[in-house]
Amino acid sequence: MRYVITRTAAPRLTGFDTFFSDFFGDTATKKIPPVDIYEDAAQYIIEAEVAGYSEKDINVTMKDGILTISSEESWKERRAREKEEKNMIISEIKLPEFSRSFKLPEDADTERVEAESRNGVLIITIPRIKKAEPGKIEIKINR
């Protein structure tokens, strides 16, 4: 996954390494879901890889022409509880919180956005607003 940001287990270089973690944030727990974006004459489609997250863990919101995909904050608490209940021996699967935003084009119909999840892929369909086709207008001139 090319958008997952990870930090290697190499020894920390004090000062230098903390500069980057202060500037970019702690990237060890960040996940940016990779996306594919398509368009045709009728719609835009965003497909985001969200394998491991259930539909109730993901939010899709729209505000001021910006579409945001994010995970629920309660995910961490539920994951910790599940680990306890299952008597976890090893836990290598990391599903951190995430948020990713997209500025939509002016012809995006933000009132009719639809989202569904299939096989670990969140599919968001954004219809386009149909523009009026330029046509010929007959002008009558009185003579």
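Some values worked out for this structure:
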quantity	calculated
Set E77, E106, E111: member being at pLDDT 90 or above, out of contact with any Cys (no Cβ under 9 Å at 6 or more places or on another chain) and in a helix (DSSP H, G or I)	E111
When residues of region 91-127 are limited to those that are among the β-branched types (V, I, T) and open to solvent by 30 Å² or more (accessible area, probe 1.4 Å), the one nearest to the chain's Cα centre (by Cα)	V121
Residues that are touching a helix residue (DSSP H, G or I) at 6+ places or on another chain (Cβ under 9 Å), more than 22 Å from A108 (Cβ to Cβ) and assigned to a loop (DSSP other than H, G, I, E, B), drawn from region 41-66	Y53
Residue pairs meeting the criteria (Cβ under 7 Å; at least 6 apart or on separate chains; first within 17 Å of R100 (Cβ to Cβ) and part of a strand (DSSP E or B), in region 119-138; second β-branched (V, I, T) and open to solvent by 50 Å² or more (accessible area, probe 1.4 Å))	I124/V60
Single match in I45, I58, I66 (criterion: within 21 Å of the chain's Cα centre (by Cα), at pLDDT 85 or above and open to solvent by 50 Å² or more (accessible area, probe 1.4 Å))	I66
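The values are calculated or read from the model by the stated rules, or taken from the named source; none is laboratory data. In this text the structure is predicted, and so the values were computed from the model without any measurement. FYI the Cβ positions are ideal-geometry reconstructions off the backbone, even for glycines, and counts take in every protein chain you see. Heavy atoms of the whole protein, side chains included, go into the accessibility calculation; ligands, DNA and RNA do not. Shrake-Rupley method; radii C 1.70, N 1.55, O 1.52, S 1.80 Å.
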